[in-house]
Amino acid sequence: MDKPTSIISLENAQIYQRNHLILKDVSFKINSGEFVYLIGKTGSGKSSLLKTLYGDLQLVDGVANIVGYDLLQLTEKDIPYLRRKIGVVFQDFQLLEDRNIADNLLFVMHATDWKDAKKINKRLYEVLDLVKMTTKSHKMPHQLSGGEQQRISIARAFINNPDLILADEPTGNLDPETSEEIIKLLQDISVKKTVLMASHDKYLMDKFPKRTIVCDKNYVCEH
């Protein structure tokens, strides 16, 4: 039997926001194909941990490897390449309001050096089909419901076929029924990809239980 591939591995990592220590001695591993919840109260450090993982906050102490990158050795030049291997889903969708859904996705593709028109169109259809939104590519973001906008946000996160999806409170702005749809979608996706999802929605976590990591009192532990 093949040994599981570690997508995220942290050992005694110290998570800082500017000069303020947010989380200390963070140690955990997440393997390929896992879906893991990251939970904790508002201000407990969930977002700071995720930002460190995708290179928005610098790691200054400890050991941390993610999708093959050593975060302690990460340079500014490395960050764009790291982010091509990580898809990030935000609570507030962060779609570009001045262009339609297809152009939102094309913007990311052009920014990450997609050139071949046939491959671009093929990938555009693939990610829209993944999130069941192929009929909405011509719509503007404001013409979509919150759940539909989040589906497009997930499609955007998948554009570069990343190894890992980091989802920061992706159901925070959605009603309960739509939140369930998004959780199911992310858990279906995790069969092929790894998903780490920050949340404080206990109802969803009870209904769709998975491995859980907790941020509490400046520490991170398994639930």
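Placing unit charges on the Cβ atoms of the charged side chains and taking the dipole of the chain about its Cα centre, the candidate lying farthest along the positive direction among Cys215, Leu49, His20 is Leu49. Look at the Cα gyration tensor of the stretch 95-161: its axes a ≥ b ≥ c give a/c of at least 1.5 with a/b over b/c, and that counts as prolate.
Scalar couplings 3J(HN,Hα) for the stretch 88-96, obtained by applying the Karplus form with A = 6.51, B = -1.76, C = 1.60 to θ = phi - 60°, are 10, 10, 9, 4, 9, 6, 6, 7, 7 Hz; x denotes Gly and Pro.
If you put +1 on each Lys and Arg Cβ and -1 on each Asp and Glu Cβ, how big is the dipole of the stretch 95-161 around its Cα centre, in Debye rounded to 20?
Details: 11 positive and 8 negative charges, 43 e Å.
For this selection, approximately 200 debye.
When all alpha-carbon pairs of the stretch 162-223 are counted, what percent fall beyond 20 Å? The calculated P(r) of the stretch 162-223 puts 26 percent of pairs beyond 20 Å.
Taking the longest Cα principal axis of the chain as reference, the axis of helix 176-189 is set at about 80 degrees.
Summary: within the chain, the longest segment free of GluC sites (Glu not before Pro) located in DSSP loops with at most 11 other C-beta atoms within 10 Å is 98-223. You can think of it this way: the chain between Asp70 and Lys29 has 13.4 nm of extra reach, that is 0.36 nm per residue less the Cα-Cα gap. Each distinct pair of alpha carbons in the chain adds a 1/r term; the inverse of their mean, the Kirkwood radius, is 18.0 Å. Which pairs break 27 Å Cα to Cα here: Lys118/Lys210; Lys77/Lys122; Lys51/Lys210? Correct reply: Lys118/Lys210; Lys77/Lys122. The distance between label points at Gln143 and Arg211 comes to 4.2 nm (points 7 Å beyond Cα on the Cα→Cβ vector).
Every number in this text was worked out from the coordinates using simple rules, so none of it is lab data. A quick note: this is a predicted structure, and the numbers were derived from the prediction, not measured. All Cβ positions, even for glycine, are placed from backbone atoms using ideal geometry, and neighbour counts span all protein chains on display.
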